[in-house]
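The values are calculated or read from the model by the stated rules, or taken from the named source; none is laboratory data. The model shown is predicted, which means the values in this text are computed figures rather than measured ones. Note that we place each Cβ from the backbone using ideal geometry, even for glycine, and neighbour counts take in every protein chain shown. To get the accessible areas, we keep the full protein, side chains included, count just its heavy atoms, and leave off ligands, DNA and RNA. Shrake-Rupley method; radii C 1.70, N 1.55, O 1.52, S 1.80 Å.
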Number of protein chains: 2
Amino acid sequence: MTRLTVLYGHPTDPAEFDRYYRDVHIPLAKQMRGLKGWTIGKCESAAPGERPSYYMIVGLYADSRADLEAILASPEGQATVADVDNFATGGATFFYDDEQVLVSLSLPSVG
Amino acid sequence: MTRLTVLYGHPTDPAEFDRYYRDVHIPLAKQMRGLKGWTIGKCESAAPGERPSYYMIVGLYADSRADLEAILASPEGQATVADVDNFATGGATFFYDDEQVLVSLSLPSVG
């Protein structure tokens, strides 16, 4: 399983980032067809009182990097990628990895 | 599901990092009891020809942050955490997140 990780830096206005991501970006990204998984999580520092290195971590999954790149190259994918500049005021770092599972996961689906 | 993400920076000797992680760190970390999931992946740049921001991304999963912190506070967890300094020559960034699944995953287990 190949994953595209997106690490969002701390936005200038976190509440507005959250609103835009929920109300605009998720509905837009849900138009993409073919994703095998999509996870999001707000980062919390491992050390008490420190700000975490990133604001949010997102994982997009497909069977291969070629599949993920094809999804992002579709019209719906292009619209989703282009939308990132509209809210990612703290920047966004992207990288792929070929995720290996050393201990098997059992993640709940939240729809 | 709570995840602890570890982002390893580029090591000074990638082959030695890989050897140590596989032969020493994984067997040590496998002594920890209670993890609900553990994934690793080598990072690849999203842009051709660029070096990715990190060398490797690791995810450790448990039902809650308290559970994860208890695992890391166990003698086996402490030994695993202490071992990171022995091979992470490019540094390591840690943060927690409470992972939400927007599109359900079906990840294969590789043992």
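Total residues in the stretch B:58-86 satisfying the condition of being polar (S, T, N, Q) and either within 14 Å of the chain's Cα centre (by Cα) or assigned to a loop (DSSP other than H, G, I, E, B) (or both): the figure is 3.
Residues of the stretch B:87-107 that are part of a strand (DSSP E or B) and hydroxyl-bearing (Ser, Thr, Tyr): B:93, B:96. Restricted to the stretch B:1-21, and to residues there that are farther than 15 Å from residue A:97 by Cβ and within 11 Å of another protein chain (Cβ to nearest Cβ), the residue that is nearest to the chain's Cα centre (by Cα) is B:4.
Within the stretch B:82-92, not a single residue is modelled with pLDDT of 95 or more and within 7 Å of chain A (Cβ to nearest Cβ).
Looking at A:52, A:11, can you tell me which residue is over 25 Å from residue B:104 (Cβ atoms) and touching a helix residue (DSSP H, G or I) at 6+ places or on another chain (Cβ under 7 Å)?
Just a single option satisfies the conditions, and that option is A:11.
Restricting attention to the stretch A:1-40, the residues being part of a strand (DSSP E or B) and either open to solvent by 40 Å² or more (accessible area, probe 1.4 Å) or among the basic types (Lys, Arg) (or both) number 1. Can you tell me which residues in the stretch B:41-57 are surrounded by fewer than 20 Cβ atoms within 10 Å (Cβ to Cβ) and part of a strand (DSSP E or B)? Scanning the stretch B:41-57 gives B:42, B:44, B:45.
I'm checking my understanding of the structure. Among residues of the stretch B:58-73 that are surrounded by 14 or more Cβ atoms within 10 Å (Cβ to Cβ) and among the acidic types (Asp, Glu), which one is nearest to the other protein chains (Cβ to nearest Cβ)? Among them, the one singled out is B:69.
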